[in-house]
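> To start, I am sharing the structure in question, which I have written as structure tokens.
The values are calculated or read from the model by the stated rules, or taken from the named source; none is laboratory data. For clarity, every value in this text was computed on a predicted model and none was experimentally measured. Neighbour counts are summed over all protein chains in view; Cβ atoms, including those assigned to glycine, are modelled from backbone coordinates with ideal geometry. Accessible surface areas use protein heavy atoms only, side chains included; no ligands, DNA or RNA. Shrake-Rupley method; radii C 1.70, N 1.55, O 1.52, S 1.80 Å.
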Amino acid sequence: MEKKTTVGIVGGLGHIGLIQAACLAKLGYKSIAYDINSSKVKDILRRKMPFYEPGLEGLVRETMDNGLLHFTAHVKDLQEAEMVFICTGTPALPSGEADTSQVYFAVEEVARHRSDQALVIIKSTVPTGTCRKIAAFLQERNLAARAAIISCPEFLREGSGVQDFREPSRIVVGAPSCETAEKVAGLYSPPGVPVLLTTWENAELIKHASNAFLASKISFINEIALLCEQVGADIRVISKGIGLDPRINPYFLEAGVGFSGPCLEKDLKSLLRQFQEAKKEAKLLEAVLWVNEEKRGEMVRKLQAKLGDLRGRRIAVLGMAFKPQTDDVRDSHSLPIIKELLSAGASITVHDPWIKSPHEGRLAENDLPGVEWASSPYTAAQGKDALLILTAWPEYRKLDLNRIKDCLSVPLVLDGRNIFESGQLRELGIDYQGVGV
Ligand code: UGA
């Protein structure tokens, strides 16, 4: 039997890295996941997952048990890997520019610890031009012979990452030569999945443009939602009606408190920086960001319109994660909304099915000062002046609304994710307001 490629993953305990490592191991590749954070490596060796992702824990256990998935805190252990995936973060700098320093550091570390050449595949989302700059950076350090740079952007979503890996919408590989690009695409491209082999720059920009387009769809529908509230239309019906046109499609047309999380906003800001650097205007994309920021403030303004001065008001917030099926609160919309409520003088109790404390949300103790963490939506609602729904967790759709009404001291529900039907709550005597309904 032909020996399967050994793959290395840098940033192997992050969201993209761990999904990549476990899914490739499941396909039969020996996967060596390297992470600089040795305590996270110790934890996973004791079978403690660094985050929640549906279906991932079982896959990690299975592939560790069958000897295909390995974890290490030593970069030298990647020496035997023919392909090394770089899955490190590219957080936003205050200017909005993506900080690619971890990517450069990772590539250099990998190159310095090998004698032969590895295909080094950049999965991290990087500004257009980065792969070319990394190749020049390696050249300057006489390391080009040890690392051939390839761009292979990742399109998976948190919360459905394992499924997205198995059923990708497309595989995009950017490389200077077709031969190396084909090798990477050949590692995993299920039948029927389109494969696009292209240049570094095209691959990098496809990733940013995809996220910017998704963000634009959300801001578009959120803007139409504003008008719906004024003219008596229902945004859910509007979304359905326009989404039936196959040229538009029904995805990413759910109105709410806007997009958040570690990717869409950061990538949009990074793209805007790229426009600035190119001395070109991007009015449309600036508006996408602006609409999204306004949307968050709108929740607080709606609450003020109902309750007046928020000083001393007690508010329950359901949902801390930036979307359901994840315990990720990084750049979650819930954080700025809660902070704004706190600075308006309200006291806040939060509930999230997966995050029961600042520690579980990987938040610093003083990130949300004075906020109480409830063990159930009902304890969160007990004695409160309003309930805000900020994340569309499936369990919230099944809430006993009579019980919620009895818990609240003021029967007011602001639903930032449109999980309920207005009529249903109003019949129960709950003052209910969704977004664009
Ligand atoms: C996003 C992209 O969807 C992935 O394709 C991409 O690979 C990933 O970023 C990345 O760059 O790594 P993700 O951030 O996991 O994935 O989450 P999304 O499902 O895109 O949701 C982002 C935000 O938009 C969430 O806050 C969600 O609640 C919100 N959203 C989504 C809406 O408000 N309305 C919608 O119709 C859809």
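> Give the residues of the range 409-419 that are open to solvent by less than 10 Å² (accessible area, probe 1.4 Å) and of a type outside the set (D, E, K, R), sorted by residue number.
L412, V413, L414, G416
> Answer yes if at least one residue in the range 345-356 is more than 16 Å from the ligand (Cβ to nearest atom), at pLDDT below 95 and under 26 Å from R397 (Cα atoms), and no otherwise.
yes
> Is there a residue being of a type in the set (V, I, T) and under 28 Å from K398 (Cα atoms) anywhere in the range 256-270?
Yes, because at least one residue in the range 256-270 is of a type in the set (V, I, T) and under 28 Å from K398 (Cα atoms).
> Hey, could you check the range 95-141 for residues that are part of a strand (DSSP E or B) and within 25 Å of the chain's Cα centre (by Cα) and say which is nearest to the ligand (Cβ to nearest atom)?
For the range 95-141, the residue satisfying everything is A98.
> Do we find that I9 is open to solvent by 10 Å² or more (accessible area, probe 1.4 Å), outside any helix (DSSP H, G or I) and under 19 Å from K76 (Cα atoms) in this structure?
In short, no.
> Then there is this: Give all pairs with beta carbons closer than 6 Å in which a residue from the range 139-161 that is free of Cβ contacts under 8 Å to residues at least 12 places away in the same chain meets a residue that is within 12 Å of the ligand (Cβ to nearest atom); count only pairs at least 6 apart in sequence or on separate chains.
Partner pairs satisfying both residue conditions: R157/D164.
> Just wondering, is there one or more residues in the range 309-322 that are of a type in the set (G, A, S) and away from the ligand (no atom under 12 Å from the Cβ)?
Checking the range 309-322: at least one residue is of a type in the set (G, A, S) and away from the ligand (no atom under 12 Å from the Cβ).
> Answer yes if at least one residue in the range 43-55 is within 21 Å of D328 (Cα to Cα), among the acidic types (D, E) and over 21 Å from the mean Cα position of the chain (by Cα), and no otherwise.
For the range 43-55, residues within 21 Å of D328 (Cα to Cα), among the acidic types (D, E) and over 21 Å from the mean Cα position of the chain (by Cα): present.
> Let me ask something additional. Which condition number does I206 fail, the rest of (1) in contact with a strand residue (DSSP E or B) (Cβ under 7 Å, 6 or more places away or on another chain); (2) more than 16 Å from the ligand (Cβ to nearest atom); (3) open to solvent by 40 Å² or more (accessible area, probe 1.4 Å) being met?
That leaves (2) as the condition not met.
> Considering each of R157, R236 in turn, give the residue that is within 12 Å of the ligand (Cβ to nearest atom), open to solvent by 20 Å² or more (accessible area, probe 1.4 Å), part of a helix (DSSP H, G or I) and within 27 Å of A321 (Cα to Cα).
R236
> May I ask you to say which residue of K30, K76, K42 is more than 19 Å from G161 (Cα to Cα) and crowded, with 19+ Cβ neighbours inside 10 Å?
Only one candidate qualifies: K30.
> If you don't mind, another one. State the number of residues belonging to the range 116-134 that are out of contact with any Lys or Arg (no Cβ under 8 Å at 6 or more places or on another chain) and surrounded by fewer than 19 Cβ atoms within 10 Å (Cβ to Cβ).
Number of matching residues: 3.
> Cβ-Cβ below 9 Å, separation at least six or inter-chain, first residue in the range 245-260 and open to solvent by 60 Å² or more (accessible area, probe 1.4 Å), second near the ligand (Cβ under 6 Å from one of its atoms): which pairs?
The qualifying pairs are Y251/L214; F252/L214; F252/I218; F252/F259; E254/I218.
> Restricting the first residue to the range 299-326 and requiring it to be in a strand (DSSP E or B), which pairs with a second residue that is open to solvent by less than 10 Å² (accessible area, probe 1.4 Å) and acidic (D, E) meet a Cβ separation below 8 Å and a spacing of at least six or different chains?
L318/D352
> Being in contact with a Pro (Cβ under 7 Å, 6 or more places away or on another chain) and either open to solvent by less than 20 Å² (accessible area, probe 1.4 Å) or modelled with pLDDT under 95 (or both) is the filter here; which residues of the range 163-177 pass it?
Matches in the range 163-177: V172 only.
> Any idea which of R426, R397, R362 is open to solvent by 50 Å² or more (accessible area, probe 1.4 Å), away from the ligand (no atom under 16 Å from the Cβ) and in contact (Cβ under 8 Å) with a residue 12 or more places away in the chain?
R362
> Let me ask something else. Taking the residues in the range 261-281 that are assigned to a loop (DSSP other than H, G, I, E, B) and open to solvent by 10 Å² or more (accessible area, probe 1.4 Å) as candidates, determine which candidate is nearest to the ligand (Cβ to nearest atom).
C263
> Further question: Considering the range 330-344 alone, what residues qualify as being within 16 Å of the ligand (Cβ to nearest atom), part of a helix (DSSP H, G or I) and open to solvent by 30 Å² or more (accessible area, probe 1.4 Å)?
P336
> Ok, one more. Of everything in the range 60-73 that's open to solvent by 10 Å² or more (accessible area, probe 1.4 Å) and part of a helix (DSSP H, G or I), which residue is farthest from Q325 (Cα to Cα)?
By that ranking, first place goes to D65.
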